[in-house]
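Asks: The following block contains the structure, expressed as structure tokens.
Readers should treat all values here as calculations from the given coordinates under stated rules, not as data from a laboratory. Just so you know, these numbers come straight off a predicted model, no measurement behind them. Because the Cβ atoms are built from the backbone with ideal geometry, glycine has one as well, and the counts that use them run over all protein chains shown.
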Amino acid sequence: MFKQYIGWKFVLASIAVLIIVTTIWFASSLSRKIQDEERKKVATWVEANRELLKSDSDANLNLAVEIVTTNTTIPLILTDEQGTIRDSRNLDSIRIAQNPQYLKEQLIAFKKQHPPFIMEVDARHKLYNYIYYGDSLILKQVRYYPYVQLLVVTLFIALVLFALSSTNRATQNQVWVGLAKETAHQLGTPLSSMEAWLEILRENEANQMMVTELAKDVDRLKLITDRFSKIGSVPKLEERDVLEQLENMVAYIRKRAPQKVFFSIHTTEKELPVMISPPLFDWVVENLLKNALDAMEGSGKIDIYIENHPTFVTIDISDTGKGIPKMNFEKVFKPGFSTKKRGWGLGLSLAKRIIEEYHKGRLFVKSSEINKGTTFRILLRK
């Protein structure tokens, strides 16, 4: 599913690039053609005005008049040799009336857009007018169209990717829930059988030591089954002392850790009540501690720092292991990602899901240095 999602992203991105490049090329080509046509129209308009000025009173000027009056799209400003504005066409008359500087501002803009046409007014006195013109509304629309289309295509692709991502997450959630429920179900049958055998063993006092140890393992399996059964359903959060939960879990892991691994809990609090699901929270801490042990390969130090804030509690679990490359800070939480030869690479993914979806907190890699160690941070809201 993940590879399929990446494939869809590549296909959509390729289509978007193709659409945008084609549109920009077509719009650029079309705008150049329109710009050339508008320059020809302005040149014709200037020539028609020159004809009107120079013509005899009995000349047929119908064509020249029609050319002058039919230009209703291209904005024009006419000035004398000193730059004084004498006339304007196809500009906003309301803005001209409201803002005395409007025509001057438009003239500055027109000068930047196109070179002026020079029209002789009086040959004897060598008087000339300058006609400046700007882009028509249709030309501006053609130029800005690719950017509008880019925005539309971007929004469309973002919507499709969001839908694909949501579908992918929903599918993953169904797989997680199904896997967890099936695991809990499969563990239930041998557990019942083991409890029955324990009762038989208890009947002989000589088996008491063996029964005690087996009972601990059965209780442990019950706890694991309970954890898996809670995946997919909304767990009931209880107010518990998070310091006590951490101390109990550290004590459990310490007994099973190599002798050269040392554990320390650092906090200024004596008691710290937080709303948690005890079995699921213990599972998260157990996963993080076991990952720390794997990273240290038999020797090192694990420090747990607990800080109390007004609205949340932070728990930092630091080890002196081999560290995580920065580019893998997010990847370590993805299903299937693992640097170990055994295992499915699900532990950290499940831990993050438990903290963020069920406890509404956060779990992330706070810091890590190669061959120096890693710190995972759990943030729990009060």
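Asks: For percent of Cα pairs over 33 Å apart, which listed value, [x] 21; [y] 27; [z] 59, comes from the coordinates shown?
Replies: Of the labelled values, this structure produces [z].
Asks: Tally the DSSP beta bridges in the chain and give the antiparallel ones as a percent, rounded to 5.
Replies: The antiparallel proportion sits near 85 percent.
Asks: How would you rank 195-206, 354-365, 238-249, highest first, on the average number of other Cβ atoms within 10 Å across their residues? Before the final figure, lay out the partial values.
Replies: On the way: 195-206: 11.1, 354-365: 18.2, 238-249: 16.5.
Top of the packing list down: 354-365, 238-249, 195-206.
Asks: Would you kindly derive the ³J(HN,Hα) couplings of region 32-38 from the backbone phi angles with the Karplus curve 6.51 cos²θ - 1.76 cosθ + 1.60 (θ = phi - 60°), listing them in order in whole Hz, with x for Gly and Pro?
Replies: Karplus values, whole Hz, x for Gly and Pro: 5, 5, 5, 4, 5, 4, 5.
Asks: Considering the zone a paramagnetic label at L53 would reach in this model (a point 7 Å from Cα along the Cα-to-Cβ line), which residues of region 61-87 have amide N under 11 Å from it?
Replies: 79-81
Asks: Relative contact order for region 101-149 using alpha-carbon pairs under 8 Å, separation at least 6, rounded to a whole percent? Show your work: numbers first, answer last.
Replies: Working: 36 pairs, mean separation 14.7, N = 49.
Once divided by the residue count of region 101-149, the mean separation gives 30 percent.
Asks: For n ≥ 4 DSSP H runs only, could you compute -39500 (n - 2.57) per run for the chain, divide by its residues and tell me the 222 nm figure to the nearest 500?
Replies: Details: 9 runs with 210 residues, N = 382.
That comes out to -19500 deg cm²/dmol.
Asks: Please list the non-local residues whose amide H lies under 5 Å from the amide H of V121, H modeled 1.01 Å from N, same-chain partners needing a gap of 5 or more.
Replies: Here the answer is L127, Y128, N129, since their amide H atoms fall under 5 Å of that of V121.
Asks: What full-extension length gain, to one decimal in nm, is calculated for R39 and D92 as 0.36 nm per residue of separation minus the Cα-Cα distance?
Replies: That pair, R39 and D92, stretches by 17.0 nm at full extension.
Asks: Separation between the K112 and K366 pseudo-spin-labels, each 7 Å from Cα along Cα→Cβ, expressed in nm?
Replies: Modelled inter-label distance: 5.3 nm.
Asks: Name the most mobile residue of H114, H125, H266, meaning the one with the largest mean-square fluctuation, in a Gaussian network model of the chain with Cα contacts below 10 Å.
Replies: H125
Asks: Same structure, new question: Which whole-number percent gives the relative contact order of the chain, counting Cα pairs below 8 Å spaced six or more residues apart?
Replies: After rounding, I find 10 percent.
Asks: At R0 = 35 Å, how high is the FRET efficiency between E271 and E195 if r is their beta carbon distance? Nearest 0.05 is fine. Each step should come with its number before you reach the end.
Replies: Values: r = 35 Å, r/R0 = 1.01.
For E271 and E195, the calculated efficiency is 0.50.
Asks: Say each of S28 and E238 gets a label point 7 Å from the Cα, pointing the same way as Cα to Cβ; how far apart are those two points in nm?
Replies: Once both label points are built, they end up 6.8 nm from each other.
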